[in-house]
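Take a look at the structure set out below.
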Amino acid sequence: MCVCSCKAAYDTSLTDGQWAVIGPLLPVRDPCRGGAPLKYDRRLVIDSILYVLGAGCSWRRMPHDLAPWDVAYRWFRDWTADGTWARVHDTLRDRVRQADGRDPQPSAAVLDSQSVKSAEGGEAIGYDAGKRVRGRKRHLLVDTCGLLLTVVVHSASVQDRAGARRVLTGLHRLFPQVGLVWVDGGYVNVVDASLVAWAAEQENIEIVAVPRNADVRGFQVLPRRWVVERTFGWLGRCRRLARDYERKTAHAEAMIQVAMIRLMAARLAGEDVEPHGPIETEAARRLTEDLEVVPVLRTVIPMWDN
């Protein structure tokens with residue numbers, strides 16, 4: 001394991017504090033199983049993957065002072081297949097929640113989707129007629145802090161209600177305390193409101209729609225819904241996620257997990273970036289207001305104590 005304190009070569013590279021958080025969670029190679037010793041340090045491999053994620057370049061266009069592209073891609077692919085990214089992500093999410101004085105197990109969540117254009121083809125490519133986008137949908141379920149609970153990437157042609165069932169199926173086994181999920185009006189409407197009954201019967205979850213005010217034109221900051229929108233904003237800082245460049249949906253989901261791993265590692269290392277600009281400042285203000293209201297809500301609806 002690299003213990004040097006040298007300056008990061010790129011803005012996307014891990015700092016020493018972030019590596020101290022992530023490094024111990026990565027799989028350790030067992031020398032008893034044989035094989036040649038590692039030629040490239042794991043920190044260099046992580047920095048290479050983060051460069052692709054942040055810069056948005058193809059694997060073959062990585063700088064030569066990072067790990068070879070095929071080495072970085074192989075580690076990314078293998079850690080996706082064996083669930084390493086998911087395990088590291090879930091561990092860090094629990095730590096961030098504990099650091100904020102919250103229970104590692106959330107009791108409420110926010111669900112939303114994002115349609116993105118595909119660039120390289122691959123599996124599960126479809127057309128979203130509502131957004132007029134050919135590509136895939138990213139379905140995110142986040143807690144009330146905006147931290148990722150579950151991500152499912154599927155064809156853009158899949159309706160939101162059907163995609164929501166994919167996300168919520170088995171949720172009670174992973175997060176048994178989640179009893180409330182906020183969604184937008186597209187998941188629950190007069191055309192099809194079956195998602196509410198299905199979630200209550202199958203997963204013991206109450207679906208609450210946060211409708212949009214039809215009298216207000218343009219952008220609206222909706223209660224609770226803005227939390228997941230902010231998470232999409234965090235992901236949008238990674239240029240690799242501006243489109244869906246992955247040929248496999250599993251790799252697309254892993255890229256989102258890696259982006260959140262980097263964000264949470266920075267928080268745990270005490271390297272939070274102060275909000276700048278009107279949008280981030282407003283988001284920080286509303287988050288502070290929500291945290292101030294939580295003690296009152298706890299006395300009224302214990303379910304919201306997450």
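The values are calculated or read from the model by the stated rules, or taken from the named source; none is laboratory data. Just so we're clear, the structure is a prediction, and the values are computed from it rather than from any experiment. Positions of Cβ are generated from backbone atoms using ideal geometry, with glycine treated the same way; all protein chains shown enter the neighbour counts. Each accessible area value is taken on the protein alone, full model and side chains, heavy atoms only, with ligands, DNA and RNA left out. Shrake-Rupley method; radii C 1.70, N 1.55, O 1.52, S 1.80 Å.
Quick check: the distance between the Cα centres of the stretch 163-211 and the stretch 137-156, to the nearest angstrom?
Spelled out, the Cα-based centre of one part sits 13 Å from the other.
Based on the Cβ-Cβ distance from Q202 to C32, what FRET efficiency comes out when R0 is 45 Å, to the nearest 0.05?
0.50
On alpha-carbon atoms, Rg over Rh for the stretch 1-121 using Kirkwood Rh?
We get a ratio of 1.00 for the stretch 1-121.
By the scheme Lys and Arg +1, Asp and Glu -1, what is the net charge of all other residues having a beta-carbon under 14 Å from that of S113?
The answer is +1.
What are the ³J(HN,Hα) values, in whole Hz, obtained from phi via the Karplus relation 6.51 cos²θ - 1.76 cosθ + 1.60 with θ = phi - 60°, for each residue of the stretch 147-155 in sequence order, with x given for Gly and Pro?
Once rounded to whole Hz, the list reads 7, 6, 9, 8, 10, 10, 10, 9, 4.
If you roll a 1.4 Å probe over the stretch 93-155 with all protein chains in place, what percent of the accessible area is carbon or sulfur?
Reported share for carbon and sulfur atoms: 40 percent.
Scan around T150 for amide H atoms under 5 Å from its own, H built in the peptide plane at 1.01 Å from N, and keep only partners 5 or more places away or cross-chain.
The answer is L141.
Sorted by average packing, counted as other Cβ atoms within 10 angstrom per residue and highest first, what order do 149-159, 240-250 take?
By packing density, highest mean first, the sequence is 149-159, 240-250.
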